[in-house]
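Since the structure comes first, as structure tokens, the remarks are kept for the end.
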Amino acid sequence: MPTGVALRDAREQLFDAAERILLFDGPSALTSRAVTTEAGCAKGVLHRHFADFDAFLAELVLDRIARLDAQAAALRESAGTGTVIGNLTGALTTLFGSVAVAIVSLIIFRDDLRARLRQDRPTGIPLLTEAAAMVASYLTAERDLGRISADADIETLAPTLLGASHLLFADRKSTRPEPEAVQKIVTTVIAPVVR
């Protein structure tokens, strides 16, 4: 007798179920059984699409990293429009307003997942490294347009913005920070180099 419901896009439904568990219960609650239960399918569905649970988690992280490409392109395209502080505040709020904080917690929590991801990404924390590259690319575009001083240390500014913003969003149980709090961090870090 079949169990669960028919899945049109099993991978995406399993990924979405994993995200919900991460957001509400944290990385310690993320098991293959919890994911398939949340997705409303049999446990075998996960193993039909992925070699093992860590392979599933690695694909989840890589899929979410790939989603940053669209956000990075939009941020780069905003160079020269609006304000540098406003553009960065919006991008960082969007980034950390998503499941990114929970994904970073998952990567830190699971040694096997981190080891698997290290095969293709030997440095940094996956997702945060790509997010820092997104911010650095935007800052470079703004520097090229003359809206940021030519001597701005982008390689330091980008991870500083990312780390400080991440700390605002890191507590899953508290209320989300107000946009003004993110803007204050961005202003403090970036104001000295904005023209």
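By the scheme Lys and Arg +1, Asp and Glu -1, what is the net charge of all other residues having a beta-carbon under 15 Å from that of ALA152? Let's see the in-between values first.
Values: positive: ARG143, ARG147, ARG195; negative: GLU142, ASP144, ASP151, ASP153, GLU155.
Net of charged neighbours comes to -2.
If amide hydrogens are placed 1.01 Å from N in the peptide plane, which non-local residues have theirs closer than 5 Å to the one on ILE148?
Those lying under 5 Å, H to H, from ILE148 are ARG143, ARG195.
Between segment 126-194 and segment 32-89, what is the separation of their alpha carbon centroids in Å?
So the two Cα centres are separated by 21 Å.
Of the listed peptides 176-187, 90-101, 135-146, what is their order by residue-averaged count of other C-beta atoms within 10 Å, with the highest listed first?
Details: 176-187: 16.5, 90-101: 19.8, 135-146: 18.2.
Going by the mean number of other Cβ atoms within 10 Å, highest first, we get 90-101, 135-146, 176-187.
Each value in this text was obtained by applying a stated rule to the coordinates, not by laboratory testing. In this text, all values refer to a predicted model and were calculated from it rather than measured experimentally. Neighbour counts are summed over all protein chains in view; Cβ atoms, including those assigned to glycine, are modelled from backbone coordinates with ideal geometry.
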